[in-house]
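Below is one structure, written out as C-alpha cells; the observations come after it.
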Amino acid sequence: MTISVCIGSSCHVKRSSDIIALLRAAIKSNNLEDKIELKGTTCLGHCGSGGANLKVDDEIVEGLTKDNFDEFFKEKVLSKLN
C-alpha cells in the first residue's frame with residue numbers, strides 16, 4: 001500500500017506535517033513498516049477541504065485532521081490490509 005500525503009502549501013497550512021507524524025506512529029505501532037510506503041506529494045487538487053489531503057493507493061482522501069485520523073486509519077488502511 002502506498003500513502004501519499006500532500007505537502008503543498010495549502011495542505012502544509014492545514015497541518016499535513018501533523019498527519020505525517022500520526023501516520024508514522026500508527027504504521028510503527030501496528031508493525032506495518034513492510035506493508036506501507038509513506039510518501040510526500042504535490043497538490044492533489046482538492047484544496048477546499050477542511051484538512052490535509054492524501055492518496056491511499058489510487059483513492060484520494062480529503063480533509064484529514066488529527067480529530068478524524070483514527071477513523072481514517074481504521075477504515076482506509078487497517079481494513080484494507082487485514
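Below is a table of values for the structure above.
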quantity: Residue tally, condition surrounded by fewer than 16 Cβ atoms within 10 Å (Cβ to Cβ) and more than 17 Å from residue 82 (Cα to Cα), over region 1-14; calculated: 3
quantity: Neighbours by Cβ (under 9 Å, 6+ apart or cross-chain): first from region 50-72, aliphatic (A, V, I, L, M); second exposed (fewer than 11 other Cβ atoms within 10 Å of the Cβ) and at pLDDT below 95; calculated: 60/45
quantity: Candidate set from region 1-18 (those that are of a type in the set (Ser, Thr, Tyr) and part of a helix (DSSP H, G or I)); member that is farthest from residue 66 (Cα to Cα); calculated: 9
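The values are calculated or read from the model by the stated rules, or taken from the named source; none is laboratory data. As the structure is a computational prediction, the values presented were derived from the model and not from experiment. Ideal geometry is used to build each Cβ from the backbone, glycine not excepted, and the neighbour counts take in all protein chains shown.
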